[in-house]
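The values are calculated or read from the model by the stated rules, or taken from the named source; none is laboratory data. The structure presented is a predicted model; accordingly, all values stated were derived computationally and were not measured. Here the Cβ is made from the backbone with ideal geometry for all residues, glycine too, and neighbour counts use every protein chain on show. Ligands, DNA and RNA are excluded from the accessible area calculation, which covers all protein heavy atoms including side chains. Shrake-Rupley method; radii C 1.70, N 1.55, O 1.52, S 1.80 Å.
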Amino acid sequence: MFYTANKRSPGFNNFFPVIENILNEVANAPLEDLTKNHQPNFTKPKANVIELDNSFEIALAIPGIRKENVKILVEKNDLIISSEAEKSDETPKFKFREFNYGTFTRKFILPENVNKDSIKAKFEAGVLNITIQKIEEPQPKSIEIK
């Protein structure tokens, strides 16, 4: 578990805010982002996956992203959700940055017992909700011997 802002003494902020931000970004960044030669992308939206009797539901928190910028793709057994950040001529010079909503890709491996053609998505209040229906597994059938 990573050290969070809520669990430290108030004096820590006064002496080490820059070091804290750097350590927080490094500690919470995916490894591949730290090894790239360009500006790291720390965006990885949080997701909840719920299994119900007849379906799976995925809720992806993407506040600040417009639904027109989100793409959902099914490729083999992967559900890929991505978004491209809108390009801007001006790059702000942040003094302090705790969130970065922009370009992201999340990949989920679909189980064998789902109907890939039944996937539905709804975007509401910064949360992308995806429902994937399960396929009914064939029940054993008894054969009468005559």
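Separation of the alpha carbons by more than 27 angstrom is noted, of 107/134; 44/67; 67/95; 93/122; 46/120; 71/93, for 67/95; 93/122; 71/93. Simple spin-label estimate for residue 85 and residue 68 gives 2.0 nm between the two label positions (7 Å along the Cα-to-Cβ direction from each Cα).
Using C-alpha pairs below 8 Å separated by at least 6 residues, the relative contact order for region 98-146 is 29 percent. The residues of region 67-146 present an accessible area of 87 Å² per residue when probed at 1.4 Å with all protein chains retained. Between residue 141 and residue 122, residue separation times 0.36 nm minus the direct Cα-Cα distance comes to 3.0 nm. Within the assembled protein chains, the solvent-accessible surface assigned to residue 142 is about 110 Å², based on a 1.4 Å probe.
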